[in-house]
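As structure tokens, the structure follows; a few thoughts come after it.
Since every read-out is calculated from the coordinates, none of them should be taken as a lab result. These numbers were taken from a predicted model, which means no experiment stands behind them. Every residue, glycine as well, gets a Cβ built from its backbone with ideal geometry; the counts of neighbours run over all protein chains shown.
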2 protein chains.
Amino acid sequence: MFKPVIVAALGTSLLASGAFAQTPAELEEQIASNTEILIEQALADTVGLAFVEDLTTEVGQRLAGSEAEQRARDWSVAELTELGFDNVRVEAFEIPFWSRKSEAVSVLTPAPQNLVATALGGSAATPEGGVSGSVVRFESLAELQAAPISKTDGKIVFIDELTIKTMDGSGYGMGVRKRSGCAQAASDKGALACLIRSVGTQPHRMPHTGIMARDGAEGAGPVAAISGPDADQLTRLLARGPVTVSVDIQTEIKTNAPSGNVIAELTGTDLKDEIVLIGCHLDSWDLGTGALDDGAGCGIVVGAARLIAGLPERPRRTIRVVLYGAEEVGLFGATAYAREHGDDLDKHVLASESDFGAGPIWRFQTRFGEAALPYARTLQSLLMPLGVTPGDNRARGGPDIGILARSGVPVVTPGQNGIDYFDYHHTPDDTFDKIDHDEFRQNVAVYAVFTYVAAATGWDFRKQPEPETAGTE
Amino acid sequence: MFKPVIVAALGTSLLASGAFAQTPAELEEQIASNTEILIEQALADTVGLAFVEDLTTEVGQRLAGSEAEQRARDWSVAELTELGFDNVRVEAFEIPFWSRKSEAVSVLTPAPQNLVATALGGSAATPEGGVSGSVVRFESLAELQAAPISKTDGKIVFIDELTIKTMDGSGYGMGVRKRSGCAQAASDKGALACLIRSVGTQPHRMPHTGIMARDGAEGAGPVAAISGPDADQLTRLLARGPVTVSVDIQTEIKTNAPSGNVIAELTGTDLKDEIVLIGCHLDSWDLGTGALDDGAGCGIVVGAARLIAGLPERPRRTIRVVLYGAEEVGLFGATAYAREHGDDLDKHVLASESDFGAGPIWRFQTRFGEAALPYARTLQSLLMPLGVTPGDNRARGGPDIGILARSGVPVVTPGQNGIDYFDYHHTPDDTFDKIDHDEFRQNVAVYAVFTYVAAATGWDFRKQPEPETAGTE
């Protein structure tokens, strides 16, 4: 049903392409036919959805550096091998490890009550039994940073800053500042501990964890996030008078813990040394089962690649699926990949990752060489039947492939509607039932189409190719 | 703005009423005027809303028999006195006490992971360190009860029965059967413990507690509720093969703990011995702050009574506000009230309670003597401007006043839309922010109107009054 649109979209781009075993007309016919097959199959996907269902069920949470993340790698290697991928392997590395052992935050006076709270990743432990003190509330990290030390010394500071829900997730970056900065600011100000309003956006009593800092296993002080309703409760109590709370966080840390990237490929044909990389991250936070963050992303890229493997012809380039390890705690997998593959980044013709849940893709951004923009427009045209609007050429590529983008690898960002993403992300509520199956399948379709077309053509997204027909004009 | 409707609704009923100091026309004018005032003030209520906000903030959760419930009584006495009520007092009684100390449910094999769980009220403790065993799943309590003991002996049974969302809460009764019956059934079948799918209706990872049995502090065995997503996870795991779980529940129990009913009145005038009772319950479960269950109910009845106290004239009958204690753990407050006031139940002309959250009232049911139904129709007509439709004459009166209804006290049930009530009820998410202020205020208006009219008239809801005008016909 999509074919006439697809043929129209491909027309001019293929004429401008490089060397083919087929005539442009033959290739146009093949790509149009295969794209139609991919879309129709993706919209009925079962492989990608089963991948995330099985991963989150049979492994559960996958905290970076934990035994559970190890199980996830073993599980993924077995599953990807079973699905027929080539060169399935783990590229191992080590990371500093942090895990919560216990956490409790409660109001002591004037009205004893528990608060729903979770330690942030990398939080320092408190002494056994916790610390307790008066609460001083700030509306932002900046307000805490500007406060006189006399206001905070020996106290427990509380940053009650909202995260705004946005379709593109831009509110999260603002919300995260307090998560990254509170431990250091609190420590600088002589505070005993820091509480932050959870960075999540849901109205439920769900605490939202996340890493405090990217550079090690333990931060400058104890920090816990309390749920939105608990932040409101604490604020109401503070409006009535002084409040003391207890914060008790016990942790386990290790200097070196095992992690790794799981890699699987569909080997290409005449351009098999050229790589189209699609990624996700395999680790998750420990509170939920990491279904949206980022089991879904792995299901989407695995599902898309598996559909391409089932086409009548293998694409020319190699499609590499990378399930990054230890993303949540400091992008360790991304760094390890760049280190391991630094010498052949020029062979990476395109990279993309899925790490923003499973909401419908509404926009397709690229970051191509200026002269390669006709390819961007062609890919965007191919995706229009799936409800995807063209985006700009300023894609950043996401957390794990950002390092590739900054090294000059062309990237695309299929932009998902993430308006509800931070309702679940990093909370106990990030579980399989939160994935809308039809929306997930639209993602599989988008990834299948652009990955396939990038691998089936010889298009150079870095620079304008030589026009094949120039000499005959 | 409501006055013409109100006057029309009152017309015929007042002509049929008993002895008055005023002519029927004067009373009609007064009631119409006061009803209009009450509605307009209720729809801008601040007292009722502040009552629930302050109670849930300044006290928090109010587990029956706990120190927190004691604080709630002290707080309520002070607040009701401050609001100008008469005869503010506590009618004390003792109850068996149960409290959770700790609770943990986790999958041991094949994939170690924590499940979000909470012990049911009255659950037996497990041995220290918990019990562990294979899980056997049942789709209903009946299926467990019919199972051969060979299937369950030494196992952990799991009843995975859904609760259906309904406007009138009828799905809850079905959902509760497994909560009430699982401990005994599990014990009869030699099982180590019982897990149930939470009786709540929300899709989040919120466990839903509640009492197992009404007759004591500790039940037949350990029972925990796991959240809906965790029940789904366990079911998915069981579909893949054998699953073992660990259940660790530690409790505190006492034979006698203090509880009490808090009572406050607006003393009537010429009919002050006759009582119009409006109630709620002051205790709550311990996971949330009991905002919808039943802080809201207390705010609604207190707010309504306070508005009536502000009218130009006191109503003829005494309005008694009863904040029942220890409702959640076995209706101990209701029983104590009936015991204490058994000799003057005939003086209770009407009773009603608010214990179903703060959703808008859409229906007004009565349980009046057949011959008193014209009064039902009049009250229903008065409430129509608030969007309330007439209900039938089969009101049951709710948990706390049910015992009065069964003793012949006329009752009314203002039926709230409870479609979302069990999303929050008995979970950590039952907090003040879940109350819609406008919907809450519509409740205050409904309670103010029927309570005022019942107290301002001499209407006998038990039987047909003598027609005053009969002799002149």
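Relative to the compact globular guide of 2.2 N^0.38 Å, what is the alpha carbon radius of gyration of segment A:370-413, as a ratio? Working shown, then result.
Details: Rg = 11.4 Å, N = 44, 2.2 N^0.38 = 9.3 Å.
Against the compact-globule rule of thumb, the ratio is 1.23.
Ranking A:441, A:394, A:240 by Cβ neighbours within 10 Å, fewest first, what do you get?
Lowest to highest Cβ neighbour count: A:394, A:240, A:441.
Which semi-axes, in whole Å and largest first, does the equivalent ellipsoid of segment B:247-289 have when worked out from the alpha carbon gyration tensor as the square roots of 5 times its eigenvalues?
Largest first, segment B:247-289 gives 38, 13, 7 Å.
Size of the dipole of segment B:67-140 about the Cα centre, Lys and Arg at +1 and Asp and Glu at -1 on the beta carbon, nothing else charged, in debye to 20?
Value, rounded to 20: 440 debye.
Report the one residue of B:245, A:251, A:112 whose Cα lies farthest in the direction of the positive end of the charge dipole of the protein assembly as shown (charges on C-beta: Lys and Arg +1, Asp and Glu -1; origin at the Cα centre).
About the Cα centre, the residue reaching furthest to the positive side is A:251.
Run the label-point distances for residue A:188 please: 7 Å along Cα to Cβ, every other copy, nanometres, shortest first.
6.7
Calculate the length of the line joining the C-alpha centroid of segment B:61-115 to that of segment A:108-174, in whole Å.
Between the Cα centre of segment B:61-115 and that of segment A:108-174, the gap is 27 Å.
So, how do all the Cα-to-Cα distances of the protein assembly as shown break down into 20 Å bins, in percent, from 0 on up?
13, 37, 31, 15, 4, 0
Return one quarter of the surface area of the convex hull spanned by the alpha-carbon atoms of chain A, equal to its mean projected area, in nm². Present the calculation step by step, with values, prior to reporting the outcome.
Working: hull surface 88.8 nm².
Here the figure is 22.2 nm², rounded to one decimal.
How big is segment B:317-473 along each principal axis, measuring the range of its Cα positions in Å and listing the largest first?
Dimensions of segment B:317-473 along the principal axes of its Cα atoms: 62, 38, 24 Å.
For the protein assembly as shown, what is the calculated [θ] at 222 nm in deg cm²/dmol (nearest 500), taking -39500 (n - 2.57) for each run of four or more DSSP H residues and dividing by its residue count?
Estimated from H runs of four or more residues: -11000 deg cm²/dmol.
Round to a whole angstrom and tell me the spacing of the C-alpha centers of segment B:272-327 and segment A:290-333.
59
Can you run phi through the Karplus equation (6.51, -1.76, 1.60; θ = phi - 60°) for segment A:377-387 and list ³J(HN,Hα) in whole Hz, with x for Gly and Pro?
So the Karplus estimates, Gly and Pro as x, are 5, 5, 4, 4, 5, 5, 8, 4, x, 8, x Hz.
Using alpha-carbon pairs under 8 Å, 6+ residues apart, how would you state the relative contact order of chain B in percent?
Relative contact order comes out at 23 percent.
List the relative contact order of segment B:77-226 as a percent without decimals, with contacts defined as Cα pairs under 8 Å and 6+ residues apart.
Numbers: 271 pairs, mean separation 41.8, N = 150.
Rounded, it is 28 percent for segment B:77-226.
Report the normalised scattering of segment B:70-131 as log10 I(q)/I(0) at q = 0.18, 0.20 Å⁻¹, calculated by the Debye formula with identical scatterers on the alpha carbons.
Log10 of I(q)/I(0), two decimals: -0.79, -0.87.
Restricting everything to alpha-carbon atoms, can you work out Rg to Rh for segment A:154-194 with a Kirkwood hydrodynamic radius? Walk me through the numbers on the way to the answer.
On the way: Rg = 12.3 Å, Rh = 11.1 Å.
The Rg/Rh ratio comes out at 1.11.
Nearest to the axis that maps chain B onto chain A: list the chain B residue whose Cβ wins, with the distance in whole angstrom.
Of all Cβ atoms in B, the one closest to the rotation axis yields B:204, 3.
Enter the per residue convex hull volume of segment A:347-428, computed from alpha-carbon coordinates, in Å³ rounded to the nearest integer.
Roughly 97 Å³ of hull volume per residue.
Once phi is turned into θ = phi - 60°, what whole-Hz ³J(HN,Hα) does the Karplus curve with 6.51, -1.76 and 1.60 give for every residue of segment B:420-433, x standing for Gly and Pro?
Listing the rounded values in order: 9, 4, 7, 5, 10, 2, 6, 10, x, 7, 7, 10, 4, 5 Hz.
How high is the FRET efficiency between residue A:273 and residue B:166 when r is their beta carbon distance and R₀ equals 45 Å, given to the nearest 0.05?
0.10
Taking +1 at the Cβ of each Lys and Arg and -1 at the Cβ of each Asp and Glu, which of B:374, B:271, B:360 sits farthest along the dipole of segment B:252-385 towards its positive end, judged by Cα position relative to the Cα centre?
About the Cα centre, the residue reaching furthest to the positive side is B:374.
Let me check against my output: what whole-number percent is the relative contact order of segment B:314-394, with C-alpha pairs under 8 Å and at least 6 apart?
23
If you take the alpha carbon radius of gyration of segment A:198-326 and divide it by 2.2 N^0.38 Å, what ratio comes out, to two decimals? Write down the numbers at each step before the final one.
Details: Rg = 21.9 Å, N = 129, 2.2 N^0.38 = 13.9 Å.
Expressed relative to 2.2 N^0.38 Å, the Cα Rg reads 1.57.
Put +1 on the Cβ of each Lys and Arg and -1 on the Cβ of each Asp and Glu in chain B; which of B:287, B:61, B:325 then has its Cα farthest toward the positive end of the dipole?
Toward the positive end, the furthest listed residue is B:287.
Would you grab the residues whose amide H sits under 5 Å from the one on residue A:279? Only those 5+ places off in sequence or on another chain, please, with H modelled 1.01 Å from N.
Those lying under 5 Å, H to H, from residue A:279 are A:322, A:352, A:353, A:354.
For segment A:282-340, what mean projected area does the convex hull of the alpha carbons give, in nm²? Walk me through the numbers on the way to the answer.
Working: hull surface 19.2 nm².
Averaged projected hull area, Cα only: 4.8 nm².
Pop the C-beta distance of residue A:22 and residue A:392 into the FRET formula with R0 = 35 Å and round what comes out to the nearest 0.05. Kindly include the intermediate steps, with their values, before the conclusion.
Details: r = 33 Å, r/R0 = 0.93.
For R0 = 35 Å, the calculated efficiency reads 0.60.
With all pairs of different alpha carbon atoms counted, what Kirkwood hydrodynamic radius in Å does segment B:245-394 show? Before the final figure, lay out each step's value.
Working: mean 1/r = 0.0572 Å⁻¹.
One over the average 1/r among Cα pairs gives 17.5 Å for segment B:245-394.
Provide A:238, B:38 in ascending order of the number of other Cβ atoms located within 10 Å of each residue's Cβ, fewest first.
A:238, B:38
At 1.306 mPa s and 10 °C, plugging the Kirkwood radius over alpha-carbon pairs of segment A:28-109 into Stokes-Einstein gives what diffusion coefficient in µm²/s?
This corresponds to a translational diffusion coefficient of 96 µm²/s.
Note down the Stokes-Einstein diffusion coefficient of segment B:111-244 in µm²/s, whole number, using a Kirkwood radius over alpha carbon pairs, 25 °C, and 0.890 mPa s.
Roughly 167 µm²/s, to the nearest whole number.
Under a point-charge model restricted to the Cβ atoms of Lys and Arg (+1) and Asp and Glu (-1), what is the dipole moment magnitude of chain B relative to its Cα centre, in debye to the nearest 20?
Using only the charged Cβ atoms, the result is roughly 1420 debye.
Roughly how many nanometres apart are two label points built 7 Å out from the Cα toward the Cβ at residue A:150 and residue B:462?
That separation, rounded to one decimal, is 7.1 nm.
Charges at C-beta only: +1 for Lys and Arg, -1 for Asp and Glu. How large is the resulting dipole of the protein assembly as shown about its Cα centre, in Debye rounded to 20?
That gives the protein assembly as shown a dipole magnitude of about 300 debye.
Taking other Cβ within 10 Å of each residue's Cβ, how do B:341, A:208, B:204 sort, fewest first?
Ordered by Cβ neighbours within 10 Å, fewest first: B:341, B:204, A:208.
Roughly what angle does helix A:437-456 make with the longest principal axis of chain A, taking Cα atoms, 0 to 90 degrees, to the nearest 10?
The helix A:437-456 is inclined about 50 degrees to chain A.
Once both labels are modelled 7 Å past Cα along the beta-carbon direction, what's the residue B:50-residue A:256 spacing in nm?
It works out to 6.5 nm between the two label points.
Every other copy gets compared here: list the nm distances from the residue A:164 label point (7 Å along Cα to Cβ) to its counterparts, shortest first, one decimal.
4.4
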